[in-house]
Amino acid sequence: MKLSIVVALSSAAISHAWAPVSNRSFRQATSLNAASIWYSTSTGNTETIAGYIAEASGLSANDIGDATADEISGADALIVGAPTWHTGADEQRSGTSWDDWLYDTLPNLDLDGKKVAVFGCGDQESYSDYYCDAAGELYDQFVAKGCKVYGFTSTDGYNHADSKAVRDGKFIGLMCDEDNQYDMSEDRAKAWVDQLKSEGFF
């Protein structure tokens, strides 16, 4: 009798050990799941920076030209980035999909209260007076829609004369120069993601 009980218990243990377990039990829901990265690029530099941010945050990077309204409106937090191509322009400064999206699509979205972080790419040596101006345009347009911007950074360590991406003496986000300071970009991106985490962005 005792032997029968032991065998029965052993069989039950083995069956339980080999029972299929839902993957859902291993998935930890985090606020990172509700954030997304959106960029557009002309030469590939902004895509490179988006990749650094994606690797540091665990998110995927996507081209804003492929975005649906639901993907933007449905995210709790948005990381957005653009290069500066049309130097000196008052608007449509990036020369990418952002130029149409900001003025044709964004006005139709309800983004009030949404968390936004901005990054930009520019050439501070050749275009010193217009460094990362398009990032400033992203900032202005998303703020106009009621978004709250996180991740302001110091202008120390840069060699530019002027930038529309500066507010109150700080950059409105992460600014990178893949032409002259490419060796600093990855570390800057990692530090910025850490900063965003500390600010409660994610």
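The values are calculated or read from the model by the stated rules, or taken from the named source; none is laboratory data. Since we're looking at a predicted model, the values are computed, not measured. We place every Cβ from the backbone using ideal geometry, glycine too, and count neighbours over all the protein chains shown. Note: areas computed on protein heavy atoms with side chains; ligands, DNA, RNA excluded. Shrake-Rupley method; radii C 1.70, N 1.55, O 1.52, S 1.80 Å.
Annotations
- Rg over Rh for the range 51-151 works out to 0.95, both radii taken from alpha-carbon positions and Rh defined as the Kirkwood radius.
- The range 76-178, dipole about Cα centre (Lys/Arg Cβ +1, Asp/Glu Cβ -1), debye to the nearest 20: 440
- Å² of accessible area per residue within the range 23-160, as computed with a 1.4 Å probe and no ligands counted: 47
- Dipole of the range 101-202, positive end: most advanced residue of 189, 105, 124 [Cβ charges, Cα centre]: 105
- Taking a straight line from the alpha carbon of residue 197, these lysines sit under 25 Å away, with near neighbours fewer than eight places off in the same chain left out: 114, 115, 145, 148, 170.
- The calculated FRET efficiency for residue 73 paired with residue 156, based on their beta-carbon distance and R0 = 35 Å, is about 0.45.
- Less than 5 angstrom separates the built amide H of residue 118 from those of 80, 150, 174, all sequence-distant by 5 or more or on a different chain.
- Cα→Cβ-extended label distance, 7 Å offset, between residue 34 and residue 100, nm: 3.2
- Stretchable slack from residue 170 to residue 194, in nm (0.36 nm times residue separation minus alpha-carbon distance): 6.9 nm
- Taking the Cα centre of the range 34-123 as origin and assigning +1 to Lys and Arg Cβ atoms and -1 to Asp and Glu Cβ atoms, the resulting dipole is close to 280 debye.
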